[in-house]
Amino acid sequence: MGRIKRAGYKVLVVTVDVPTFGYRPRDIKNGLAMPPKMNLRNIAQMMQCPSWSWHTLLAGVPEMQTLKPYMPKNMPTSELANFMNNTVMGAVDFESLKVIRDNWDGPLVLKGLVNPEDVAQAVALGADGVVLSNHGGRQLDVGESPLDTIQTIKHQYGDKIKLLMDSGVQSGGNVAQAMAMGADFTLLGRTFVYACGAVGQHGGEHAIEMLTQQMTQVMGQLKCPTPTHTASLFKSWTWRCLISCRESIRHHKNKAPQSRGALSIKLCR
Ligand SMILES: Cc1cc2nc3c(=O)[nH]c(=O)nc-3n(C[C@H](O)[C@H](O)[C@H](O)COP(=O)(O)O)c2cc1C
């Protein structure tokens, strides 16, 4: 925690939803490994993207820079999964979180909660925020979607703790939907990973521009002058719209959710 402070971070986010690696059939099927393994299929794919391949080769073998200071010197990359499993994995309980809370005087956010009972404990612990998240559906395949519980949580704890949400949010419209359902704001994972993977740092900036434009457009359609007004829709949202939101965000596994245009049902006052 001292290192985090010295690095200038103000908010500490502790992920609590990955006690161990999830079962990921796609990773197995695609041969995802550290260090990356080359086969005829991915060599053929790389040849179709010469610029990307060239820049990726120039960048060298990917490494976990933040973990490096804690790794044994000259540890082979093939040992990385074992090292991570032994070092950063394991169930996090509220007792260990209390130790963190007592030693971190800045804002503390717990990431990876979905059910209201856990949020109640987070409030009791003195956390400043929670990220309602099922890790983008990337770990526990049968995990509940935060959209199933966010409204209950907003009703019960919305005035006691900040509610952030992620998992399947991929457009400005999705951000508006999540906010209308109770999120104070949202986080996005793969959207930025894909954008940066495609065109580097500029990809991230481009994604932000697109999201801002989409969100502004949705706010305009709803006559909401600010994102906070979008959040006020929470109080007046109709069940039809909720069902639309759920369909578009919850089944997000590797598919971009489609906007259903259901946001025009209620307008901001
Ligand atoms: C490649 C990748 C690596 C991730 N690594 C972490 C991680 O180390 N810690 C963490 O809390 N979440 C991690 N996540 C999960 C994201 O923080 C986030 O919860 C999730 O991606 C949100 O869903 P979305 O991708 O649909 O936006 C990772 C996600 C991706 C795509």
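Please enumerate the residues belonging to the stretch 61-76 that are loosely packed, with under 15 Cβ neighbours inside 10 Å and touching a residue at least 12 places away in the same chain (Cβ under 8 Å).
The answer is V61, P62, E63, M64, L67, Y70.
Output the number of residues of the stretch 172-185 satisfying the condition of being touching a Cys at 6+ places or on another chain (Cβ under 8 Å) and either part of a loop (DSSP other than H, G, I, E, B) or of a type outside the set (G, A, S) (or both).
2
Just need a number here: residues in the stretch 1-24 that are out of contact with any Asp or Glu (no Cβ under 9 Å at 6 or more places or on another chain) and within 30 Å of D141 (Cα to Cα).
Residues that pass the stated criteria total 9.
Being part of a helix (DSSP H, G or I), surrounded by 10 or more Cβ atoms within 10 Å (Cβ to Cβ) and modelled with pLDDT under 85, is that true of even one residue in the stretch 25-47?
yes
If only one of V169, V109 is assigned to a loop (DSSP other than H, G, I, E, B) and under 28 Å from A195 (Cα atoms), which one is it?
V169 is the lone residue from the list that is assigned to a loop (DSSP other than H, G, I, E, B) and under 28 Å from A195 (Cα atoms).
Out of the residues in the stretch 1-27 that are within 16 Å of the ligand (Cβ to nearest atom) and hydrophobic (A, V, I, L, M, F, W, C), state the one that is farthest from the chain's Cα centre (by Cα).
Of everything passing the filter in the stretch 1-27, I4 is farthest from the chain's Cα centre (by Cα).
If a residue must be within 15 Å of the ligand (Cβ to nearest atom) and in contact with an Asp or Glu (Cβ under 6 Å, 6 or more places away or on another chain), how many such residues does the stretch 156-181 contain?
1
Out of (1) within 16 Å of the ligand (Cβ to nearest atom); (2) over 28 Å from V199 (Cα atoms), what's the single condition that is false for A33?
All conditions pass for A33, except number (2).
From L132, L140, which residue is within 16 Å of the ligand (Cβ to nearest atom) and either without any contact (Cβ under 8 Å) to a residue 60 or more places away in the chain or on the phi > 0 side of the Ramachandran plot (or both)?
Among L132, L140, only L132 is within 16 Å of the ligand (Cβ to nearest atom) and either without any contact (Cβ under 8 Å) to a residue 60 or more places away in the chain or on the phi > 0 side of the Ramachandran plot (or both).
Would you confirm whether or not the stretch 86-102 contains a residue that is in a helix (DSSP H, G or I), in contact (Cβ under 8 Å) with a residue 40 or more places away in the chain and out of contact with any Gly (no Cβ under 6 Å at 6 or more places or on another chain)?
Checking the stretch 86-102: at least one residue is in a helix (DSSP H, G or I), in contact (Cβ under 8 Å) with a residue 40 or more places away in the chain and out of contact with any Gly (no Cβ under 6 Å at 6 or more places or on another chain).
State whether one or more residues within the stretch 186-204 are in contact with a Phe, Trp or Tyr (Cβ under 7 Å, 6 or more places away or on another chain), farther than 25 Å from K10 by Cα, modelled with pLDDT under 95 and outside any helix (DSSP H, G or I).
no
From the list A195, A183, which residue is touching a residue at least 12 places away in the same chain (Cβ under 8 Å) and surrounded by 22 or more Cβ atoms within 10 Å (Cβ to Cβ)?
Step by step, each of A195, A183 is checked, and only A183 is touching a residue at least 12 places away in the same chain (Cβ under 8 Å) and surrounded by 22 or more Cβ atoms within 10 Å (Cβ to Cβ).
The values are calculated or read from the model by the stated rules, or taken from the named source; none is laboratory data. Note that the structure is a prediction, hence the values are computed from the model and not measured. Glycine also receives a Cβ, built like all others from the backbone with ideal geometry; neighbour counts cover every protein chain displayed.
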